[in-house]
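Each remark here refers to the structure printed beneath this line.
The values are calculated or read from the model by the stated rules, or taken from the named source; none is laboratory data. Note that the coordinates shown come from a computational prediction; the quantities given were computed from them, not determined experimentally. As a convention, Cβ positions derive from the backbone with ideal geometry for all residues, glycine included, and neighbour counts pool all protein chains shown. These accessible areas exclude ligands, DNA and RNA; they are computed on the full protein's heavy atoms, side chains included. Shrake-Rupley method; radii C 1.70, N 1.55, O 1.52, S 1.80 Å.
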Amino acid sequence: MAVVPIAALVSGGGTNLQALIDSQEAGILRSGKIALVVSNNSRAPALERAAKYHIPAVVAEQKNFDSPEGFDRALLETLEEYRIQLVVLAGFLAVLGQPVLQAYPDRIINIHPALLPAFGGKGFYGLKVHQAALDRGVKITGATVHYVDENIDGGKIILQKAVEVREGDTPEILQKRVMEQAEWQLLPAAAELVCRKIAGFEG
Ligand code: GAR
């Protein structure tokens, strides 16, 4: 059975990339294989994780391109070079442009650290999402994996998991709980689901 080649796009710590790698080793993610890591930050610790597991990694930083379109074209060329069939935004804190979105319809998924449609859209990424949830006083937050389309954080939802907010939470404490209780299970599970669809096992 053909295994779907996956690209994981990252910007920072890469704990979601680690969750994908671990789930691959555990056989949870088995219909796809991480064939490439792309980072838009040359100093992302996620790159060290890729190296440790001998996963090819490419750095593409927006600042090194004349225009956003140039960045998107280069990214698309890299994805095509590695024959990528599924793009997983695993803590990728930038917005993808039209060339990539059009080349991969229903083939790009993203993990977002809130229960979308709450606390999503432009400007809501990383710790800012948890700060906004705490400012609003929500008692339940969580994580969402969704398809990526031209609406930021607006694509169809694949999986969600709720996580409680506790008295005295800081954005950092809440981020850690959401990662541990939701993100690290949700992203590999969603990647497996979508890979099975791509490979034609289901629907
Ligand atoms: C994660 O919490 C992820 O959900 C979030 O950034 C963090 C990356 O952590 N993504 C977004 O906010 C996307 N809008 P990681 O690099 O350790 O996986």
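Say we look at the stretch 7-23 and pick out the residues that are part of a helix (DSSP H, G or I) and of a type outside the set (S, T, N, Q); which of these is nearest to the ligand (Cβ to nearest atom)?
Once the filter is applied, the top-ranked residue is Leu17.
Quick one: which of Ala2, Ala57 is open to solvent by less than 60 Å² (accessible area, probe 1.4 Å) and of a type in the set (A, V, I, L, M)?
Unique residue meeting the criteria: Ala57.
Check the stretch 144-154 and report whether any residue there is out of contact with any strand residue (DSSP E or B) (no Cβ under 8 Å at 6 or more places or on another chain) and within 21 Å of Thr170 (Cα to Cα).
The answer is no, given that none of the residues of the stretch 144-154 is out of contact with any strand residue (DSSP E or B) (no Cβ under 8 Å at 6 or more places or on another chain) and within 21 Å of Thr170 (Cα to Cα).
Looking at the stretch 37-56, is at least one residue away from the ligand (no atom under 16 Å from the Cβ) and not hydrophobic (A, V, I, L, M, F, W, C)?
yes
Within the bounds of the stretch 65-73, is there any residue that is without any contact (Cβ under 8 Å) to a residue 40 or more places away in the chain, buried (at least 16 other Cβ atoms within 10 Å of the Cβ), hydrophobic (A, V, I, L, M, F, W, C) and more than 23 Å from Gly32 (Cβ to Cβ)?
Yes: the stretch 65-73 contains one or more residues that are without any contact (Cβ under 8 Å) to a residue 40 or more places away in the chain, buried (at least 16 other Cβ atoms within 10 Å of the Cβ), hydrophobic (A, V, I, L, M, F, W, C) and more than 23 Å from Gly32 (Cβ to Cβ).
Could you please let me know if Tyr82 is away from the ligand (no atom under 12 Å from the Cβ), open to solvent by less than 50 Å² (accessible area, probe 1.4 Å), under 26 Å from Lys156 (Cβ atoms) and hydroxyl-bearing (Ser, Thr, Tyr)?
No: the conditions fail for Tyr82.
For the stretch 90-99, state whether one or more residues are farther than 21 Å from Tyr125 by Cβ, assigned to a helix (DSSP H, G or I) and either away from the ligand (no atom under 15 Å from the Cβ) or free of Cβ contacts under 8 Å to residues at least 24 places away in the same chain (or both).
For the stretch 90-99, residues farther than 21 Å from Tyr125 by Cβ, assigned to a helix (DSSP H, G or I) and either away from the ligand (no atom under 15 Å from the Cβ) or free of Cβ contacts under 8 Å to residues at least 24 places away in the same chain (or both): present.
For the stretch 148-166, which positions are in a strand (DSSP E or B) and charged (D, E, K, R)?
If the condition is that a residue be in a strand (DSSP E or B) and charged (D, E, K, R), then Lys161, Glu164 are the ones that fit.
Please indicate, with yes or no, whether at least one residue in the stretch 177-200 is near the ligand (Cβ under 10 Å from one of its atoms), small (Gly, Ala, Ser), out of contact with any helix residue (DSSP H, G or I) (no Cβ under 6 Å at 6 or more places or on another chain) and modelled with pLDDT under 95.
So far as the stretch 177-200 goes, no, none of its residues is near the ligand (Cβ under 10 Å from one of its atoms), small (Gly, Ala, Ser), out of contact with any helix residue (DSSP H, G or I) (no Cβ under 6 Å at 6 or more places or on another chain) and modelled with pLDDT under 95.
Is it fair to say Pro105 is touching an Asp or Glu at 6+ places or on another chain (Cβ under 9 Å), in a loop (DSSP other than H, G, I, E, B) and open to solvent by 20 Å² or more (accessible area, probe 1.4 Å)?
Here the answer is yes, as Pro105 does meet what is asked.
Looking at (1) open to solvent by less than 80 Å² (accessible area, probe 1.4 Å); (2) assigned to a loop (DSSP other than H, G, I, E, B), can you tell me which one Val145 breaks?
(2)
Can you tell me which condition Arg49 does not meet? The list is (1) open to solvent by 70 Å² or more (accessible area, probe 1.4 Å); (2) of a type in the set (Lys, Arg); (3) within 16 Å of Leu187 (Cβ to Cβ); (4) not in a strand (DSSP E or B), and all the others hold.
The one condition Arg49 does not meet is (1).
For the stretch 151-165, which positions are polar (S, T, N, Q) and crowded, with 17+ Cβ neighbours inside 10 Å?
Within the stretch 151-165, just Gln160 meets the criteria.
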